[in-house]
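J.: Once you've had a glance at the structure underneath, I'll fire off some questions.
Computed from the coordinates by the stated procedures, all read-outs in this text should not be read as laboratory data. Fair warning: this is a prediction, and the values are worked out from it, not measured in the lab. Neighbour counts are summed over all protein chains in view; Cβ atoms, including those assigned to glycine, are modelled from backbone coordinates with ideal geometry.
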Amino acid sequence: MTTRPLLVLCALVLSSACVKEITSDERLERETARSDALRSNTAAELGKIKCEELNADLGKARDPVRTEEERLSTFTDVYERLKNRAQRFEEAFSRNPDLAFQEGSQELVNARESCIQMTADVRLELESLIREIMQVLVVDEVKGGQTIKVARIDFSPLRGAIEKLELDDRENLFNKINNAEKQVDVKAEKRSRGK
C-alpha cells in the first residue's frame, strides 16, 4: 500500500523537474529567430528566380518563321521551366506564409504572381498549338508524280508536349497520333512493295 503513494510522489517530482516554464517573451523571441532564419534564406533563394528571363525563349516559341516542331519543343521547354519556378514559389509561400507579409516582400509577391501568370499563358499557347496541329496530322505530298501521305510533323515532340501538359483528353490525342502513324506507315509500305 505504501508503494503506490511513493510512485505518485516520484512521478510528480520527475515531471516537475522536466518542465521548464518560459515566458511569452522568450517564446516569441525563439519563434521570431527561427522565422527570421527561414525567411532570410527562403527570400534570398526566391529573389533569384526570374521568370521574365525566359521571354527570349518564349519569343522563339512564338516565332511563326520557325517550324512547328521547333515551336512545339521550345514552348514545351519554356512551359516546364516556368512551371518548376512557379512551384518553387508556391512551396516556399505555403511553408512560410509570412513571406507575403514581411517588409519588402512586395517584390517576391510580384515575382510569384508573374511566374504563375506566365505559366498559365504559356500553357494556353502550347495547348492551342497542340490542338491546331492535331487538326491535320497527315498531309498529302506529291513525290515522283504520286500523292503520298506524310506526317505533318515528327510526332515525338507532339507526344511529349501532350504529356507535359497532362491534358484530360491525352489518351484520345495519343490514339489520333497512333492512327496517323498507321496511315503514314501503310502508305510507305505500299510504295516499297510497288518498287
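J.: Fewest Cβ neighbours within 10 Å first, please rank Met118, Met134 accordingly.
T.: Neighbour counts put them in this order, fewest first: Met134, Met118.
J.: Taking H as built 1.01 Å from N, whose amide H comes closer than 5 Å to the amide H of Ile148, not counting residues under 5 places away?
T.: For Ile148, the qualifying residues are Glu141, Val142, Lys143.
J.: Now, a different point. Amide H to amide H under 5 Å from Val138: which residues, 5+ apart in sequence or cross-chain, H placed 1.01 Å off N in plane?
T.: Here the answer is Arg152, since their amide H atoms fall under 5 Å of that of Val138.
J.: Just the number, please: Stokes-Einstein D of the range 40-194 in µm²/s, Kirkwood Rh from C-alpha pairs, 25 °C, 0.890 mPa s.
T.: Reported coefficient: 136 µm²/s.
J.: Given the C-alpha centroids of the range 59-80 and the range 104-159, what is the distance between them in whole angstrom?
T.: 7 Å
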